[in-house]
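Written out below as structure tokens is the structure these notes cover.
The values are calculated or read from the model by the stated rules, or taken from the named source; none is laboratory data. From a predicted model like this one, the values you see are computed outputs, not experimental measurements. Counting neighbours? That spans all protein chains shown, and the Cβs are built from the backbone with ideal geometry, glycine included.
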Amino acid sequence: MSLTIAIPKGRLGTQAIEMLKSAGVGESIDEKSRKLVFKDENRNLNFILLKNSDVITYVENGIADMGISGKDMIMENSADIYERYKMNIGRCKMSVAGIKGKRVFNDDTIIKVATKFPETAKKYFNGKGQKIKIIKLNGSIELAPILGLSDVIVDIVETGNTLKANGLEVFEDMYNISAMIISNKISYKFKRKEIKEIIELIRKEDTE
Ligand code: PRP
């Protein structure tokens, strides 16, 4: 039975593709080409390259049987999928950050939070009893507090270089994030053996 595997493009995708290749699968994937579908005829695999935030949609709808997605996207989308294996790549934190020395929350005012992750941010601040207004952005989140669009940001921090380069600092770490192998629920019923084989191959390469 053939398997379709969704791979994110970008920073996480580069690491994921490298790992797949050292596991001996997906040798045909060429990130630099403009192609978005690659085949591994020997193993009967199809790889589709997607925007990070779209991997879950393709897996949830059964277009891809399985995929690699960041835990940040999984939390944000609360999709009807299985999380099958937590990987060691894509490790980072989701944090609240803002202008260095200007920590503003934990008071009675409504704070403005700029983020790509509105649902996750809402849940987090609700849990703390902090009233917020969400400002949904799609990238360069760090600009928002600098230009006065928001008081804080909720974003991914990996090396911390982006925050530092823009005069920001972490106020609070929220969640540990890493990449996750996810599967479609029906695929996991009917292609369990094939999915588990791929996970096992990846697991062997996924050392800390
Ligand atoms: C993420 C995140 C930060 C940056 C953090 O953005 O939104 O901007 O990485 O990484 P660092 O701590 O190593 O500096 P990404 O590169 O995914 O781009 P995007 O803003 O277009 O989503």
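Results for (1) over 16 Å from Ala179 (Cβ atoms); (2) over 19 Å from the mean Cα position of the chain (by Cα); (3) in a loop (DSSP other than H, G, I, E, B); (4) of a type in the set (Ser, Thr, Tyr), shown as yes or no for each residue.
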residue: Met1; (1), (2), (3), (4): yes, yes, yes, no
residue: Met19; (1), (2), (3), (4): no, no, no, no
residue: Ser28; (1), (2), (3), (4): yes, yes, yes, yes
residue: Phe38; (1), (2), (3), (4): yes, yes, no, no
3 or more residues over 22 Å from Ala16 (Cα atoms) and either without any contact (Cβ under 8 Å) to a residue 24 or more places away in the chain or away from the ligand (no atom under 16 Å from the Cβ) (or both): qualifying strands (runs of 3 or more DSSP E) within segment 112-208: 132-136
Total residues in segment 13-33, condition more than 16 Å from Met66 (Cα to Cα), within 16 Å of the ligand (Cβ to nearest atom) and at pLDDT 90 or above: 2
